[in-house]
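Asks: This structure is in structure tokens; I'll ask about it shortly.
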Amino acid sequence: MTMPGKPKLFVTRKLTQDVEDRIAAAYEAVFNEDDHIMSPAELVEKAQGCDGMLVTATEKNDASLIGALPGSVRIIATFSVGYDHIDVPAAEARGIAVTNTPDVLTDATADVALLLLLGAARGADWGERMVRDATWTSWAPTYPLGHDVTGRKLGILGMGRIGQAVAKRARGFNMQIHYHKRSRLPAELEQGAVFHDTLEGMLGQSEFLSINCASTPETRGLINAETIAMMPDGAVLVNTARGDIVDDDALIAAVESGKLAAAGLDVFAGEPAIDERYRSLKNTFLLPHIGSATLGTRSAMGMRAVDNLDAFFAGQTPGDLVTAG
Ligand code: DGY
């Protein structure tokens with residue numbers, strides 16, 4: 001039963017201590033002490049009597065889960081900028097507000113995009129393995145050879161906040177930025193980047209491609225055999241957005257054939273149960289979805305989610321309200 005004056009909040013995953021302390025002070029909180037991933041049935045059970053939920057991208061809030069939530073739940077605040085794991089129209093249909101956590105993870109995620117870009121281009125994963133496995137036998141002029149980054153062309157798919165932060169960092173490597181977007185950015189945000197009104201036009205220039213768009217019905221599977229074929233031979237692809245934007249079969253085939261020289265991936269379709277072929281694929285630099293994983297950023301994401309919840313329960317419109325439209 002909800003305590004008078006304190007909304008009851010179900011927090012589906014363990015959060016940083018500062019965030020949990022703030023929640024414990026302001027809410028009657030149901031925490032996930034051992035941080036296990038809950039089944040839809042357990043999520044529904046724990047949500048009973050709750051006024052709101054603070055969820056993460058590890059819980060699929062699809063129409064069936066949302067339909068099974070108790071009527072007491074009036075807000076789902078996700079601890080993520082992406083909200084492809086939430087069926088927003090289904091939530092709206094039940095009168096449940098949805099919020100996300102933009103802005104606070106922009107820099108951390110853009111940093112990882114550059115880490116992937118450099119790591120994939122320079123063979124950081126196999127280089128590290130050579131050192132650890134003691135298979136590094138000598139310095140040599142001709143191996144192992146990576147690919148130059150400085151001065152190359154970088155295509156950015158999804159030139160929003162994170163895409164622009166990637167561009168800012170890449171300019172430090174003298175990279176020439178290309179982007180494709182429905183509408184052109186104003187000059188102060190474009191910062192000299194080359195606008196392409198077609199995806200094909202941008203991909204044709206993308207010696208490096210950074211995927212930074214949201215996963216939506218329009219972008220799922222957008223990077224596939226047909227679109228990879230538009231890229232220059234020997235290009236490098238990095239993805240810090242969502243795995244399902246890329247078709248695994250096409251990407252793996254392109255890396256195996258050398259059409260793509262390398263790939264750097266922080267996100268995978270169906271993660272953590274990724275396509276097994278990635279595990280032995282050469283010329284790939286693979287990370288376990290750590291784009292926003294710094295203490296400061298994860299704390300800021302939690303605080304932002306709680307800001308949204310506080311505003312909602314104070315009768316205000318949360319700053320990061322997500323709508324289906
Ligand atoms: C995000 O915020 O969307 C990150 O990918 C974590 O889910």
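Asks: Residue by residue, what Karplus-based ³J(HN,Hα) values in Hz, rounded to whole numbers, does segment 297-304 have, using 6.51, -1.76 and 1.60 with θ = phi - 60° and x for Gly and Pro?
Replies: For segment 297-304, the Karplus-derived couplings read 6, 5, 5, 5, 5, x, 4, 5 Hz, x marking Gly and Pro.
Asks: Between Thr294 and Asp197, how many nm apart are label points set 7 Å from Cα along the C-beta direction?
Replies: In this crude label model, Thr294 to Asp197 measures out at 3.9 nm.
Asks: With a/c under 1.5 counting as rounded, go ahead and sort the chain into rounded, prolate or oblate using the C-alpha gyration tensor (a ≥ b ≥ c being the square roots of the eigenvalues; past the cut-off, prolate if a/b is larger than b/c, else oblate).
Replies: Working: a/c = 2.14, a/b = 1.77, b/c = 1.21.
Prolate, since a/c reaches 1.5 and a/b exceeds b/c.
Asks: Using the charge dipole of segment 106-286 (Lys, Arg: +1 at Cβ; Asp, Glu: -1 at Cβ; taken about the Cα centre), state which of Leu116, Val255, Pro217 has its Cα farthest towards the positive end.
Replies: Leu116
Asks: Turning to a different aspect of this structure: With both bridge residues required to lie in the chain, what share of the DSSP beta bridges run antiparallel, to the nearest 5%?
Replies: Working: 2 of 41 bridges.
Here the antiparallel bridges make up roughly 5 percent for the chain.
Asks: Counting heavy atoms of the protein chains only and a 1.4 Å probe, report the per residue accessible area for the chain as a whole number of Å².
Replies: Each residue of the chain exposes 46 Å² on average to a 1.4 Å probe.
Asks: Expected output is a single nm value to one decimal: the length gained when fully extending between Arg94 and Gln17, i.e. 0.36 nm times separation in residues minus the C-alpha distance. What is it?
Replies: Here the answer is 24.5 nm.
Asks: What ranking of Thr323, Thr16 comes out by heavy-atom accessible area, probe 1.4 Å, highest first?
Replies: The ranking, largest first, comes out as Thr323, Thr16.
Asks: Can you tell me the Rg and the Dmax, both Å, for the Cα atoms in segment 106-286?
Replies: 15.9, 52
Asks: In nm, give the distance between the simple-model label positions of Gln176 and Trp139, each being 7 Å from the Cα along the Cα-to-Cβ direction.
Replies: Label at Gln176, label at Trp139, 3.4 nm between them.
Asks: Accessible area, 1.4 Å probe, largest first: how do Arg304, Arg184 sort? List each step's numbers first, then the result.
Replies: Values: Arg304 55, Arg184 145 Å².
Per-residue accessible area, sorted high to low, gives Arg184, Arg304.
Asks: All other residues with a Cβ under 14 Å from the Cβ of Ile86 taken together, and with Lys, Arg as +1 and Asp, Glu as -1, what is their net charge? Could the numbers behind the result be given before it?
Replies: On the way: positive: Lys60, Arg94, Arg242; negative: Glu59, Asp62, Asp84, Asp87, Glu92, Asp320.
Around Ile86, the surrounding residues sum to -3.
Asks: On to the next question. Could you compute how much accessible surface Trp126 exposes when probed at 1.4 Å, giving the result in Å² to the nearest 10?
Replies: 60 Å²
Asks: In square angstrom, rounded to the nearest 10, how much accessible surface does Thr142 have for a 1.4 Å probe?
Replies: Spelled out: Thr142, probe radius 1.4 Å, area about 100 Å².
Asks: Let me ask something else about it. Quote to one decimal, in nm, the extra length available between Ser64 and Arg169 on full extension: 0.36 nm per residue of separation minus the C-alpha distance between them.
Replies: Roughly 33.7 nm would be gained on extension.
Asks: For the full complex of protein chains and a 1.4 angstrom probe, list Arg132, Arg161 by accessible area with the highest value first.
Replies: Output order, biggest surface exposure first: Arg132, Arg161.
Asks: Tell me the carbon and sulfur percent of the accessible area for segment 106-286, rounded to whole percent, probe radius 1.4 Å. Walk me through the numbers on the way to the answer.
Replies: Details: 4610 of 8860 Å².
On segment 106-286, the fraction of accessible area on carbon and sulfur atoms equals 52 percent.
Asks: Spin-label point model (7 Å from Cα, Cβ direction): what's the Glu188 to Glu218 distance in nm?
Replies: The answer from the label model is 2.5 nm.
The values are calculated or read from the model by the stated rules, or taken from the named source; none is laboratory data. Computed from a predicted structure; not experimentally measured. All Cβ positions, glycine included, derive from the backbone under ideal geometry; neighbour counts span all protein chains shown. Accessible surface is based on the protein model in full, side chains and every heavy atom, while ligands, DNA and RNA are left aside. Shrake-Rupley method; radii C 1.70, N 1.55, O 1.52, S 1.80 Å.
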